[in-house]
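> Take this structure, written in structure tokens, and hold onto it; I'll ask about it next.
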Amino acid sequence: MLVKTFSAAVNGLEVTTVTVEVSMTRGVMFHLSGLADTAVKESYDRIRAALGNIGFKPPTAEITINLSPADIRKEGSGYDLPLAIGILAAHGKVEDNLLSQFMMIGELGLDGQLKPVAGALPVAIRARKEQFKGLIVPKENAREAAVVNQLDVYGMENLADVINFFNGNNTYEPTIVDTRREFYEHQYSFDLDFADVKGQESVKRALEVAAAGGHNMIMIGPPGSGKSMMAKRLPSILPPLSLAESLETTQIHSVAGKLPSGTSLISQRPFRSPHHTVSQVAMTGGGNRALPGEVSMAHHGVLFLDELPEFNKTTLEVLRQPLEDRKITISRAKYTVEYPCSFMFVASMNPCPCGYYGDPTHHCVCTPGQIQRYMNKISGPLLDRIDIHCEVLVVPFKELSQMEPGEPSSVIRERVIKARQIQEQRFKDYRGIYCNAQMSERMIHLFAEPDQQSLEMLRMAMERLSLSARAYSRILKVARTIADLEGSERIQSQHIAEAIGYRNLDRGDWAERGAK
């Protein structure tokens, strides 16, 4: 007897419908074809044990299974459920009249329990596109998949429930998720707030400018000055995710298997902070299954690298292309996977090896040469993609001892949202451009051209401070954002002056100041 069930193969964010063809004849052999990996080939052992433990005798027959299309690699344990139902249907233990209407994914435990799998959300999107009536998933994946409307999603606890569902022995209700209510409900609740930060007004201003224009930023300061503390609060002042952005971000986390159990949609911008020992593959993505890396997990959010010079140099250099193209391509011999990675890059570092260069409370023991070598760990091309360089000083005890809270994130966020709305209107005719940081050179001439007075100030600053040529366009982009925060249509001299102050690492005398 020949029976067909349906599942899906997830390759990056691309999903292909997989037809599980089960043929059962007299004999005792088991054959599995269709470019299956080891986890899929081992599924029959799990299925036999699961069937025995829920009271079904495994069939004694020659079973041939084909996973079509056969030229696409099938990976992971998510095929256990459709394979088990296909075998039971071919054996006459499951009615096959509803099998063509449902897609299934799920891993089987030896006791018949269904265990969660990665990629349930993109599979649900594919099931709706292919006009399946419903999708059957493990219970832990039900809310994740149920955000897709016009699709009945059934979260099942074990194989016996699925058998009863197809045989009509029990009635099961699909999982219902009020996507919009849950999405908007959690957008404004943050555990970390800028009201907790005492002092550091200049750094908070720089973070506000960075958030308003989507600019990459690096903070340089001694240990304990609050760099990490402020960076972790950056998502609380970023504009809220749109529903489309949330869906795309959730898909990436779903494919990576990093979506918390019971989560429907990611409603807050992600904040990723990998340790400096992170490998190149973990940063960009890849491995045996070409899973998304940290740059993609930070999509529509923040990638924060603390102690930037401590990261492996090759790991840092691979960030150059994702920062420019806002996507990462992982190539293998037989396939290519592309993940989006549009994120704000924020980094922090000490100003020197001992950490106390520029700190009035500690004496720096580093020579100018040591400081220069330390700074040279960050390559010029990478710094070229960072718009804002901000020095962070230690907060005096007088300010720390004050009990008055700082300005709350909600107030800062309102200013950021207004500035972003101005940019959305400005770039409405430009596809893929949403903020000032994404402007091309031609767009800078159109929207960020300074007046004669501002241009003269910029020329003098570049000459006197030995600013590099690459700083020119970065200063204009940041000045455009500062003007947007003030609601100014034209870039004025005070906007240029503030933007120039955010290019500390471009100064030719930066390291030499440590000798004084």
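The values are calculated or read from the model by the stated rules, or taken from the named source; none is laboratory data. These numbers come from a predicted model, not from an experiment. Don't worry about glycine lacking a Cβ; one is built from the backbone with ideal geometry, like all the others, and counts go over all protein chains shown. Note: areas computed on protein heavy atoms with side chains; ligands, DNA, RNA excluded. Shrake-Rupley method; radii C 1.70, N 1.55, O 1.52, S 1.80 Å.
> Counting heavy atoms of the protein chains only and a 1.4 Å probe, report the per residue accessible area for the stretch 51-126 as a whole number of Å². Present the calculation step by step, with values, prior to reporting the outcome.
Values: 2750 Å² over 76 residues.
Per-residue value: 36 Å².
> Counting Lys and Arg as +1 and Asp and Glu as -1, each charge on the Cβ, what is the dipole of the chain about the Cα centre in debye, to the nearest 20?
700
> Follow-up. Which Cα, out of 87, 124, 99, lies furthest along the positive dipole direction of the stretch 78-138 (beta carbon charges, K/R +1, D/E -1)?
With unit charges placed on the Cβ atoms, the residue in question is 124.
> Follow-up question, since we're still on this one. May I ask for the angle, rounded to the nearest 10°, between helix 243-256 and the longest principal axis of the chain, with both axes built from Cα atoms and the value confined to 0 to 90°?
Long axis of 243-256 versus the principal axis of the chain: about 70 degrees.
> Rounded to the nearest Å, what's the spacing between the alpha carbon centres of the stretch 135-171 and the stretch 19-52? Just the number, please.
Between the Cα centres of the stretch 135-171 and the stretch 19-52 lies a distance of 22 Å.
> Also: Got the relative contact order for the stretch 191-242 handy, in percent, Cα pairs under 8 Å and 6 or more residues apart?
Once normalised by length, the contact order is 48 percent.
> As I understand it, the dipole of the stretch 292-359 uses +1 on the Cβ of Lys and Arg and -1 on the Cβ of Asp and Glu, about the Cα centre. Which of 352, 342, 305 lies farthest toward its positive end?
Looking along the dipole axis, the top candidate is 342.
> Okay, next question. Would you please classify the overall shape of the stretch 27-125 from the alpha carbon gyration tensor, given that a ≥ b ≥ c denote the square roots of the eigenvalues, rounded means a/c under 1.5, and beyond that prolate means a/b larger than b/c while oblate covers the rest?
Rounded.
> How big is the dipole moment of the stretch 325-441 about its Cα centre under a simple scheme where the beta carbon of each Lys and Arg is +1, that of each Asp and Glu is -1, and everything else is neutral? Debye, nearest 20, please.
Here the size comes out at about 580 debye.
> Using a 1.4 angstrom probe, figure out how much accessible area the stretch 379-465 has per residue, in square angstrom, rounded to the nearest whole. Write down the numbers at each step before the final one.
Numbers: 5360 Å² over 87 residues.
Dividing the accessible area of the stretch 379-465 by its residue count gives 62 Å².
> Taking the dipole about the Cα centre of the chain, with the C-beta of Lys and Arg at +1 and of Asp and Glu at -1, give me whichever of 202, 487, 67 is farthest to the positive side.
Going by the Cα projections, it comes out as 67.
> No partner Cβ under 4.7 angstrom, meaning no disulfide-compatible partner by this rule: which Cys of the chain qualify?
341, 354, 364, 390, 435
> About its Cα centre, how strong a charge dipole does the stretch 244-354 have in debye, to the nearest 20, once Lys and Arg get +1 and Asp and Glu get -1 at the Cβ?
So the magnitude is around 340 debye.
> Ok, one more. Rounded if a/c is under 1.5, else prolate if a/b is larger than b/c, else oblate: which is the stretch 310-436, with a ≥ b ≥ c the root eigenvalues of its Cα gyration tensor?
Oblate.
> Follow-up question, since we're still on this one. For the chain, what's the relative contact order in percent, using C-alpha pairs closer than 8 Å and at least 6 residues apart?
13
> A further question on this structure: Let me have the relative contact order for the stretch 2-146, percent, based on Cα pairs under 8 Å that are six or more residues apart.
Answer for the stretch 2-146 is 29 percent.
> For the stretch 32-133, which whole percent of the accessible surface, found with a 1.4 angstrom probe, sits on carbon and sulfur atoms? Each step should come with its number before you reach the end.
On the way: 1840 of 4240 Å².
Carbon plus sulfur share of accessible area: 43 percent.
> Could you work out how far helix 409-426 tilts from the main Cα principal axis of the chain, as a 0 to 90 degree angle to the nearest 10?
Approximately 90 degrees, to the nearest 10.
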